[in-house]
Each structure stands twice: as C-alpha cells, then as structure tokens.
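Here's the structure we're looking at; comments come further down.
The values are calculated or read from the model by the stated rules, or taken from the named source; none is laboratory data. On a predicted model such as this, the values are computed, not experimentally measured, just so you know. Cβ placement follows ideal geometry from the backbone for every residue including glycine, while neighbour counts extend to all protein chains displayed.
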Amino acid sequence: MQRLDSFASQNQVVDLGPWLQYYAFDVVGMFTFDKKFGFLEQGKDIDSIMSTIEFILAYSAIIGQVPALHLLLLGNPLLIKLMPPMEQWNQTVQFTLKAMRERAEMKPGGEYTVSNTDGKDFLSKLASSKSSEDEKMNVRDLVIALAGNVFAGSDTTAIALRAIVYYLCRYPKCLAKLADEIMKHDKDSKLSSPINFKEASAIPYLSAVIKEAMRLHPSVGLILERHVPPQGVEIEGHFLPGRTVVGVNPWVTGRNAETFPQPNEFCPERWLEVPEQELRAMDNLLEFNFGAGARKCLGRHMAWIEMMKVIPELIRRFEIEFADPERDWHVTNHW
C-alpha cells in the first residue's frame, strides 16, 4: 500500500496487474519461508521468476494436450542426457534454493540444518517433521515441496485479484456499493489497519464480489483430468467406458444458466439473494475453480485470505477507476 500511496500522491496511472502479483508472491514468501521475497519493495520481477513461470505454464498447456510433443522438445531423452543438473538451469528450483539457503545450511548426502524451526512457515514445519520411521525429509524432498508453493502460489491468486479489480471498475455501481459497505464498517470502528480476515469476513458484499469475479474469470481454464476406472461408470444416464479421460471446466460450470441466471452478467447480489439450498449449489460449482477430490488445490484457503484482506484495504484507501474506460482488457489463457 505504501508504493500505491506514492503513485497516488503523484497522480500517476498505475497498472495494478503486476503489483497484485508482486503482493501474491510476497505472501508466498511469508508462509513458505517466513520472509517476503521483496517483490513489492523492489517493484520488479525478481530473478525473472514470474516470466519463467509464465513460460512454463504456456509450455505445459500445449504438452498437456499433446503429450507426444514433450518427447520432441524438453522431454527429448537426448536433451535430458546433455542437460546439467536441474538446480543449474531450472529457474523455479534456483529461486527456491536461494530462499532456502538464507535459512538452511546444505550438507553432503541430502542433509541440512535449518536455523529456526519454531515458526509457522512451511520450511519450519517440514524441516521439523518426521516420517513414521522417524526419518526427516532430505534436501530434495524439501525443494520439491517448497518449489510447488513458489510455482503455483502467486499467478493463480493474482489472476483472481485482477479479475476482481477489473469487474469492479467495469461495474461502477458494484464498486460504489462495496466501498459504502467498507466505509460503514470503518466508520463504526469495525476495521483494523490493515484489515484482518475476521473483519473482512463480516462484510457480506465483499465475499459476493470475490465469488462473482471468480465465477466469471476462473484462474484455471483447462479441465483437471480424471480417468474413468477400468470397469467404466454411468453418470446421469450416460455410460463412460473405462480409461476415458473426463474433467470439468470451471469456465463452463460458472456459466451454467440453470444455477446462475444471466450467467454473463457480473451480479454479486446473486450470492446474497438466494435460499440456502441454492447457495450451496452455487458454491459447489464455484469450488471447481480449485479442482475437486484428492487433487483439490491445497492453497485455496490461503488464496481466499489474501483476497479478503487486500481488496477491502485497496478500496478503503484509494478511489479506483480505469485510465481508459473505452479500452477493454486483453487476456491470454495458457491453462
């Protein structure tokens, strides 16, 4: 917020897109390593990790649909033999190792010591955990677990944050209504500085706005595939043979007109004006944004907390509007 205060004091036009991802990345740093990465402070893509992740997602989207291409490209067996160890070229692994080395001393044989394991961050918890055989994780295990946070923890949340800001600016009446609710809570001394999650959760229209933006613009567009068991299965009267690849696309479920009348309209009120049973059905469809079952997004609660905290703080402190109301946004969907 301090950086945005600086821009506002100089009446500068600001592209909030990258700044929202800087925020998301610094939050990832806090809950993974108990330290901000410094994106907000430096105001840039540190070590080009954001652009690297964007490239990997674009590549993964293609080979995820045509897996055979991977054997001709980065998965080429000959190329793999010629490549140096992953920590020498994989930007995500390098970024993770750099953050780990600030807290951990790496030793031969996969051993390590972490300076402080009393914190609530991922590194502390994983470094102090042991298996049923009383074995702790080795360096490779730690890198794999922590790199997952680095890779997947920022862009998806940033997409949702951008969608929320975009739709609020595109629908000024909704923005004004949310601002009024936030200001009323602030006037009644119900908000701290910064706003905490419990206080934000008491603003009904805020949750409705976030849900509606995520419904219209999910962070993930490709189906999260599942394989039908060998014996096949019957769903809604349709028999699917064994090993059929199936999935649910949140861009489709979010526009189911039976559940969401006028599905292409941004209408946060729909989440506040329906009976409890209908609301549960709406929430169930929205949950597909995070996947379902055993592979459901493990960071969904963290993402929700991030959105619930930063959006009301942004609106409480600034008047937000499009620099060019006639210009629509341009989006590129990788996966």
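Of note:
- Residue ID - farthest from the chain's Cα centre (by Cα), chosen from residues in the range 305-327 that are basic (Lys, Arg) and farther than 19 Å from residue 6 by Cβ: 327
Okay, residues lined up against (1) closer than 17 Å to residue 26 by Cα; (2) at pLDDT 85 or above; (3) among the aliphatic types (A, V, I, L, M); (4) in the same structural domain as residue 50 (by TED's automatic domain parsing):
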{"position": "71", "(1), (2), (3), (4)": "no, yes, yes, yes"}
{"position": "75", "(1), (2), (3), (4)": "no, yes, no, yes"}
{"position": "83", "(1), (2), (3), (4)": "no, no, yes, yes"}
{"position": "88", "(1), (2), (3), (4)": "no, no, no, yes"}
{"position": "125", "(1), (2), (3), (4)": "no, yes, no, yes"}
{"position": "135", "(1), (2), (3), (4)": "no, no, no, yes"}
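One line per residue, one yes/no per condition, for (1) among the hydroxyl-bearing types (Ser, Thr, Tyr); (2) surrounded by fewer than 16 Cβ atoms within 10 Å (Cβ to Cβ); (3) in a helix (DSSP H, G or I):
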position: 116; (1), (2), (3): no, yes, no
position: 123; (1), (2), (3): no, no, yes
position: 127; (1), (2), (3): no, no, yes
position: 140; (1), (2), (3): no, yes, yes
position: 147; (1), (2), (3): no, no, yes
position: 151; (1), (2), (3): no, no, yes
position: 157; (1), (2), (3): yes, no, yes
position: 161; (1), (2), (3): no, no, yes
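- Check on residue 225, under 30 Å from residue 174 (Cα atoms) and among the charged types (D, E, K, R): no
- Among the residues listed as 220, 233, the single one being within 29 Å of residue 295 (Cβ to Cβ) and surrounded by 16 or more Cβ atoms within 10 Å (Cβ to Cβ): 220
- Candidates are the residues of the range 90-114 that are small (Gly, Ala, Ser) and assigned to a helix (DSSP H, G or I); the one that is modelled with the highest pLDDT is 99.
- The number of residues in the range 1-48 being more than 18 Å from the chain's Cα centre (by Cα), of a type in the set (S, T, N, Q) and in a helix (DSSP H, G or I) comes to 5.
- Some residue of the range 147-165 being free of Cβ contacts under 8 Å to residues at least 24 places away in the same chain and over 30 Å from residue 16 (Cβ atoms): no
- Condition check for residue 168: buried (at least 18 other Cβ atoms within 10 Å of the Cβ), assigned by TED's automatic domain parsing to the domain that holds residue 220 and not polar (S, T, N, Q): no
- So residue 209, is it surrounded by 11 or more Cβ atoms within 10 Å (Cβ to Cβ) and either at pLDDT below 95 or assigned to a strand (DSSP E or B) (or both): no
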